[in-house]
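The values are calculated or read from the model by the stated rules, or taken from the named source; none is laboratory data. Here the structure is a predicted model, which means the values were calculated and not measured. Virtual Cβ from ideal backbone geometry, glycine too; neighbours counted across all protein chains shown. Protein only, heavy atoms only, side chains kept; ligands, DNA and RNA dropped before computing areas. Shrake-Rupley method; radii C 1.70, N 1.55, O 1.52, S 1.80 Å.
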Amino acid sequence: MRWSQTFIPTMKEIPADAEIPSHQLMLRAGLIRQVMAGAYTYLPLGWRAVRKVEAIVREEMERAGAIELFMPALCPAELWEQTGRIDDYGNALINFPLVRGDRQVRVVLGPTHEEVVTDLMARQIKSYKQLPITVFQIQTKFRNEERPRFGVMRTSEFQMKDAYSFGTDLDQLNDAYEQMYQAYRRIFSRCGLDYRPVEAESGPIGGDASHEFMVPAENGEDEIVHCDSCGYAANTERAETGRGVPEIAAPAAMSDRALVDTPEAGSIEQVSRMLGCEPSQMIKTLIYSIDDEPVAVLVRGDHEANEAKIRRAVGATTIELSDPETITRVTGAPVGFAGPVGLDCPLLADHDVAQITDGITGANQGDAHLTGVNIGRDYSLDTTHDLRMATAGDPCPRCDGSLELARGIEVGHVFKLGTKYSTALSAEYLDENENKHPMLMGCYGIGINRIVAALAETSFDDNGLIWPLSISPFQVLVIPLNITDDDVMSAAESIYDQLGTAGFDVLMDERKARPGFKFKDADLIGIPLRVIVGGKGLADGVVELKWRTDSDVTRIPLDQIVDTVINELAERTSAESQQVPE
RNA sequence: CGGGACGUAGCUCAGCCUGGCAGAGCGCCGGCUUUGGGAGCCGGAGGUCGCAGGUUCAAAUCCUGUCGUCCCGACCA
């Protein structure tokens, strides 16, 4: 491709709306342009990178035995009603009626395709002999992000690879999951990403039934914890802590309990400021409706409750914060003044709560708190649980180490679904004895364009992007410095032709521009290997070769340049693939 | 949806407080010079100052509303 004949609008200045490196660089390097909040056009350079990622994903999916198909983005709302997800998804699901003659057809734009693919399999798979099977597609997905942000990292329309496995039993599901897990490791490695699989919220199957693949990045949206001693990693929602049940007994020395006025102070922050205490001295009391029964959940004031952990602790199916009316009925006080003392409802406490001496908590009456609250004397518990989000410094659940916090970009997710969708949509098979069973499913997603964004977010220097060879829009950039010099141009043309013929993606910057200008653009768009053809070098019979990450050029005789480039590309490709797990 | 910021040329921004000719740099077009790290000089094109209403002799500037974009949070895989 010749630069002047393609479309690479680079920018010297940093667009005011872009805050994070990937967004700034993708705009400046001419990869994307914004159309509206949460929707971007991929320009030729950006789209080439996306396509390279797609090709790698496709290759690895097929290598792992998955079969490609293509489902419509437009799906009947009816299927979503059958699984209940039309409500679960809420406003994030884009759905609207289509007018067809005198009737309306309600449709959704698929944010994922469990419904459609399960319905397909329900119709086509009848026998255990047809299983297992894993299918995948690469397609545009839609989610109405109420607050799109971080450039292309979080948009309302995005490219996703989604795969679905169907099997007869847990063994087949585990096999498919393992296949996908390994394929994902190869995919992210091949794309040149530093990534980390972390345990994620597992849903109905339990155990290690879900992993997210995270790219560590300051600007990542997700928070994860990890242990450097044993390698345990999980997202903060999922992360267990290595804390045990403490001794539940009244402290040896405690103050008298006292009622204090805390007018209008219903939050931990307000109360701690008003009373001059640390949030960690407070007992946060949250009234949850768990399977529609009110339960008071206690966590330390500086901690955050984890609803999934609470649900697991009591084996419940639904959990939500109670509405203000319920809270008033249960505690006798407006929201913000609940406490465990004298509360007539079940108490569920986090481990750390039992270790608070002279705690401060709501008095179950408006504008008042209690101080000097102690377990054993003022309220009692049978046991305690791990009910809160993990934080930095918590003991590791797997070893003697401690947990650290980090942020990351989620680029992939593998999940054992179980029978949720196959049951709802009657995707059943007959076994050897003619008994019907719902199929066991797994689902496996990869954010295709998010891989490109994650790369841009983590691989750059002061001058611009730094692509790995594997997903770079072009592999080689040929720069003739002076296009009015016939010798320079014919040498450049010859190199360009030969490399193109040899099957490489070559871009030639034959614009009429000064050398400095071209070098700046070259650094910005970050093509890995650069061949510079200049009049001075040619006079000595050489051209210059430079990797994007090199500080200096290497002079190569003109008649060897094509072979040298081919060799270096082969070496780099091989070096990159050394990193890819088997 | 709650909180905050910002909307002036393609991009980055000044002008707004204290109302009185629509500005700069970069980019773009033409010309000359220059040619190894975002060149120099000369000439030029380009704006419904987000939109609507109000105040005023007069509004980019003051007031009200509205739309858009970004950031923090809520929500969300």
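This table checks each residue for (1) under 31 Å from the mean Cα position of the chain (by Cα); (2) more than 16 Å from RNA strand B (Cβ to nearest atom); (3) assigned by TED's automatic domain parsing to the domain that holds A:His369.
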{"site": "A:Cys230", "(1), (2), (3)": "yes, yes, no"}
{"site": "A:Ala233", "(1), (2), (3)": "yes, no, no"}
{"site": "A:Thr236", "(1), (2), (3)": "yes, no, no"}
{"site": "A:Pro246", "(1), (2), (3)": "no, yes, no"}
{"site": "A:Ala252", "(1), (2), (3)": "no, yes, no"}
{"site": "A:Ala265", "(1), (2), (3)": "no, yes, yes"}
{"site": "A:Ile287", "(1), (2), (3)": "yes, no, yes"}
{"site": "A:Asp291", "(1), (2), (3)": "yes, yes, yes"}
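Filter region A:149-164 down to residues that are more than 21 Å from A:Ala55 (Cα to Cα) and more than 14 Å from the chain's Cα centre (by Cα) and give me whichever is nearest to RNA strand B (Cβ to nearest atom).
Keep residues of region A:149-164 that are more than 21 Å from A:Ala55 (Cα to Cα), which gives A:149-151, A:154-156.
Checking which are more than 14 Å from the chain's Cα centre (by Cα) leaves us with A:151, A:156.
Working: A:Gly151: 7, A:Ser156: 10 Å.
Selected residue: A:Gly151.
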Next item on the list: Among the residues of region A:61-72, count how many are open to solvent by less than 30 Å² (accessible area, probe 1.4 Å) and more than 20 Å from the chain's Cα centre (by Cα).
Entry: 3
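Conditions tested, residue by residue: (1) β-branched (Val, Ile, Thr); (2) closer than 12 Å to A:Trp467 by Cα.
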{"residue": "A:Leu524", "(1), (2)": "no, yes"}
{"residue": "A:Gly535", "(1), (2)": "no, no"}
{"residue": "A:Ala539", "(1), (2)": "no, no"}
{"residue": "A:Trp547", "(1), (2)": "no, yes"}
{"residue": "A:Leu558", "(1), (2)": "no, no"}
{"residue": "A:Ile561", "(1), (2)": "yes, no"}
{"residue": "A:Thr564", "(1), (2)": "yes, no"}
Next item on the list: Output the residue which, of all residues in region A:131-148 that are in a loop (DSSP other than H, G, I, E, B) and within 14 Å of RNA strand B (Cβ to nearest atom), is nearest to A:Ser422 (Cα to Cα).
Entry: A:Arg143
Check: Counting only residues that are in a loop (DSSP other than H, G, I, E, B) and touching a helix residue (DSSP H, G or I) at 6+ places or on another chain (Cβ under 6 Å), which one in region A:289-316 is surrounded by the fewest Cβ atoms within 10 Å (Cβ to Cβ)?
Finding: A:Asp302
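Quick test for you: out of A:Phe166, A:Phe158, pick the one residue that is open to solvent by less than 50 Å² (accessible area, probe 1.4 Å), within 24 Å of A:Ala217 (Cα to Cα) and not in a helix (DSSP H, G or I). Break it down stepwise before answering.
Details: A:Phe166 fails: within 24 Å of A:Ala217 (Cα to Cα).
Selected residue: A:Phe158, the only one of A:Phe166, A:Phe158 that is open to solvent by less than 50 Å² (accessible area, probe 1.4 Å), within 24 Å of A:Ala217 (Cα to Cα) and not in a helix (DSSP H, G or I).
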Checklist line | Residue match in region A:359-369 (condition: open to solvent by 20 Å² or more (accessible area, probe 1.4 Å), at pLDDT 90 or above and within 29 Å of A:Ala253 (Cβ to Cβ)) | finding: yes
Checklist line | Subset of region A:341-383 [closer than 18 Å to A:Pro294 by Cα, of a type in the set (Ser, Thr, Tyr) and out of contact with any Gly (no Cβ under 9 Å at 6 or more places or on another chain)] | finding: A:Ser380
Next item on the list: With respect to A:Val107, determine if the residue is under 30 Å from A:Gly167 (Cα atoms) and assigned to a strand (DSSP E or B).
Entry: yes
Next item on the list: Give region A:374-409 a look and list any residue that's small (Gly, Ala, Ser), open to solvent by less than 60 Å² (accessible area, probe 1.4 Å) and not in a strand (DSSP E or B), or say none.
Entry: A:Gly376, A:Ala390, A:Gly393, A:Gly401
